[in-house]
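Below is one structure, written out as structure tokens, with a few remarks after it.
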Amino acid sequence: MHHPIEPEDLAPLLGRAADWLRHARRVAVLTGAGVSAESGVSTFRDNGGLWEKHRVEDVATPSAFRRDPALVWRFYNARRANLRAVKPNPGHFALAELERHLGPGRFTLITQNVDRLHQAAGSRNVLELHGDLLRVRCTGCGRVEDRGLGPLDDLPCCAECGELLRPNVVWFEEPLPPGVWEAAEAATAASDAFLVVGTSAVVYPAAGLIDTARAAGARVIEANVERTPASQLAHVGLYGRSGEVLPQLVRRVVAGEPPA
Ligand code: BJW
Ligand code: ZN
């Protein structure tokens, strides 16, 4: 359900959230597809959430790939092609600025996105929970290779062993990349301010980080165009587009007194 908050209500909420971010010893941020929506990257569950009539749960699984690898590769190749044309938006740039402002060791960006737009905007300490669209992985020998955004065959094969390649992303029923999940949990548990942006907060274990943050005593701030299951865990909800809300938020953090 959509409960937009009137713009005049946003200012005091932005102020409170900015105070928490400014005074936090450590900040962790969890992002989802919504931060890239204003760049022209489709989200998974908005607008019916379908790709050529398929639900994400029907193309982003190991069994879908076994059943019809060409269909799954069409989905990923279409998204790789789209990425060639997209650029980070003010929401991505604001998070990169927040990291620079807080300084090294105080900021971790945990993303479920596979589009690399946070890195393109200048974010440095990024944990990619669900892999990335640029690399491929061999289903035979396991070799991972960066293929950038160049075109790939409909059924691309490994140069080493000839077996079928797959996207280097995390599908349903698969474990998150070794080390990355542990690092995300540690950064979350160590945070005293936790910002969750542009995610429907329904995919686990990623969504569980919000509970972890709460349990660790962090102030939880949600930024989204609508309410989600994370909203009831959030101390403050900033309901608006991330490309508009995040720059306003970070401007307030930077404009306040310098961090102690
Ligand atoms: C805006 C905006 C604007 C729009 N500004 N906001 C309970 C506990 C644990 C696990 C499970 C569980 N129940 C079921 C599971 C299993 C499953 C799961 O969570 N299923 C649920 C759907 C029910 N999880 C898994 O299978 C995970 N693996 C796992 O559990 O492994 C266990 C295991 C252990 C050991 C051995 C073996 C197994 C893996 C999950 C992988 C998810 N993969 C995908 C695809 C990645 C590759 C690809 O990109 O194709 O990840 S699915 C898809 O969903 C993608 C996303 O990262 C992820 C989250 O979506 P996200 O980012 O939140 O996007 P949307 O579209 O849902 O939401 C967009 C939001 O933006 C909305 O809220 C909008 O309002 C907002 N928005 N415009 C701000 N301008
Ligand atoms: Zn191989």
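Per-structure values
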item: Residues satisfying the stated conditions in the range 123-159, i.e. within 15 Å of the chain's Cα centre (by Cα) and open to solvent by 20 Å² or more (accessible area, probe 1.4 Å); result: ARG124, ASN125, VAL126, LEU127, GLU128, HIS130
item: Residue pairs meeting the criteria (Cβ under 6 Å; at least 6 apart or on separate chains; first at pLDDT 95 or above, in the range 107-131; second within 16 Å of ligand 2 (Cβ to nearest atom)); result: GLY131/ASN168
item: Residue that is modelled with the lowest pLDDT, among those in the range 1-24 that are closer than 17 Å to ALA230 by Cα and surrounded by fewer than 16 Cβ atoms within 10 Å (Cβ to Cβ); result: MET1
item: Among (1) in a strand (DSSP E or B); (2) open to solvent by 40 Å² or more (accessible area, probe 1.4 Å); (3) more than 22 Å from GLU174 (Cβ to Cβ), the one test that HIS101 misses; result: (1)
item: ALA11 part of a helix (DSSP H, G or I) and in the same structural domain as ARG227 (by TED's automatic domain parsing); result: yes
item: LEU195 vs. criteria in the same structural domain as TYR76 (by TED's automatic domain parsing), open to solvent by less than 40 Å² (accessible area, probe 1.4 Å) and either out of contact with any Pro (no Cβ under 9 Å at 6 or more places or on another chain) or within 16 Å of ligand 1 (Cβ to nearest atom) (or both); result: no
item: VAL114 in contact with a strand residue (DSSP E or B) (Cβ under 9 Å, 6 or more places away or on another chain), within 16 Å of ligand 1 (Cβ to nearest atom) and open to solvent by 50 Å² or more (accessible area, probe 1.4 Å); result: no
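For (1) open to solvent by 20 Å² or more (accessible area, probe 1.4 Å); (2) of a type in the set (Val, Ile, Thr); (3) modelled with pLDDT of 95 or more, each residue gets a yes or a no:
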residue: ALA37; (1), (2), (3): yes, no, yes
residue: LYS53; (1), (2), (3): yes, no, no
residue: LEU71; (1), (2), (3): yes, no, no
residue: LEU83; (1), (2), (3): no, no, yes
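The values are calculated or read from the model by the stated rules, or taken from the named source; none is laboratory data. The structure presented is a predicted model; accordingly, all values stated were derived computationally and were not measured. FYI the Cβ positions are ideal-geometry reconstructions off the backbone, even for glycines, and counts take in every protein chain you see. Side chains included, ligands, DNA and RNA excluded: accessible areas come from the protein's heavy atoms. Shrake-Rupley method; radii C 1.70, N 1.55, O 1.52, S 1.80 Å.
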